[in-house]
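Report on one structure; see the data block that follows.
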Amino acid sequence: MSDYPADLVRTRYLFDGSPVTIRPIRREDATMEQDFVKHLSPDSRYKRFMSTFQELPPGKLKYLTEIDYVRHLALVAVLQQDGQDLEIGVARYVANPSGNSCEFAVAIDDAWQGSGVAGILMLALIDAAKARGMESMEGFILASNDKMLKFARQLGFALHRDPEDPGQVIAVRSLLTPPVGRP
């Protein structure tokens, strides 16, 4: 496992001006991550995990929080609430076996959808993936998830139906060139 990448810790501001800390997840965040997933609506949990579980099984929780920060990176958006860290979103990538491309996933707490946190997380994740040598990023989105499809398009992802699963769309983006509108 690589050292904790403190250089990825940033303060950003949501659309309403609220400060949010964007940082890599840590092993010690397991309880916070579990609480985050439990707090998602059943619909949001299904759209993220394509599963109906109510909480993360222990092995899955360990997989999501004990990462190497290079081949597997997760960035969490954290607010301070009553002196405690409150996770409101997470974006992650996992490198494909080739090591030069990765698959992304993002989940935002229902109360914070539309706040700007998804864009902040994804742009930070894309920059981190580029810095770690990834040449492309892809994600699998439910064909019925219109908000996520629109969001992926806005981030410069090309969308096409999964030939093996018509209920799924594959979003792909090169990381070698900047998206339209970004330097």
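The values are calculated or read from the model by the stated rules, or taken from the named source; none is laboratory data. Predicted model only: the values in this text are computed from it and were never measured. FYI the Cβ positions are ideal-geometry reconstructions off the backbone, even for glycines, and counts take in every protein chain you see.
Here are the numbers for this structure:
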| quantity | calculated |
| --- | --- |
| Members of the stretch 86-105 found to be out of contact with any helix residue (DSSP H, G or I) (no Cβ under 6 Å at 6 or more places or on another chain) and not in a loop (DSSP other than H, G, I, E, B), listed by number | 86, 90, 92, 94, 95, 101, 103, 104, 105 |
| Members of the stretch 4-56 found to be over 25 Å from residue 168 (Cβ atoms), among the polar types (S, T, N, Q) and in contact (Cβ under 8 Å) with a residue 12 or more places away in the chain, listed by number | 18, 21, 34 |
| Residue check for residue 59: more than 22 Å from residue 114 (Cβ to Cβ) and free of Cβ contacts under 8 Å to residues at least 12 places away in the same chain | yes |
| Positions within the stretch 126-149 being touching a residue at least 24 places away in the same chain (Cβ under 8 Å) and of a type in the set (A, V, I, L, M, F, W, C), in sequence order | 126, 128, 129, 134, 137, 140, 141, 142, 143, 148 |
| The one condition in (1) among the aliphatic types (A, V, I, L, M); (2) modelled with pLDDT under 95; (3) in contact with a strand residue (DSSP E or B) (Cβ under 9 Å, 6 or more places away or on another chain) that residue 180 fails to fulfil | (3) |
| Residue check for residue 3: outside any helix (DSSP H, G or I) and of a type in the set (D, E, K, R) | yes |
| Options 64, 149; residue that is modelled with pLDDT under 95 and either farther than 22 Å from residue 176 by Cβ or in a strand (DSSP E or B) (or both) | 64 |
